[in-house]
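Student: Can you keep this structure in mind? I'll have questions shortly.
Just so it is clear, none of the values below were taken in a lab; they were calculated from the coordinates. Note that the structure is a prediction, hence the values are computed from the model and not measured.
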Amino acid sequence: MEQDLSSRLESIEKKLEETHKAVFQLRRYFLWALIISVAVIILPLIGLLFALPGFLSSYEIGGL
């Protein structure tokens, strides 16, 4: 009985370690997804915020 309990405990510890590794890897994937989405979406929007007034000022409204 005690040997069966010990083998179950070892099995649970092994599964827990595998789960911990998977969660750590998933957390790293989410971090990189966040970094890439910021680089692709947020940074161009900030650049557009600064560039848009320059583009608009280059157009002259006239002739009316």
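Student: Over the alpha-carbon set of the chain, divide Rg by the Kirkwood Rh and report the Rg/Rh ratio to two decimals. The partial results should precede the final answer.
Tutor: Details: Rg = 27.9 Å, Rh = 17.0 Å.
That ratio equals 1.64.
Student: How much length is gained on full extension from Q25 to I12, taking 0.36 nm per residue of separation minus their Cα-Cα distance? Before the final figure, lay out the partial values.
Tutor: Working: separation 13, 0.36 × 13 = 4.68 nm, distance 2.00 nm.
Fully extending the segment from Q25 to I12 adds 2.7 nm.
Student: For the chain, take the longest principal axis of its alpha carbons; what is the angle in degrees between that and the long axis of helix 2-37, to the nearest 10 within 0 to 90?
Tutor: The two axes meet at around 10 degrees.
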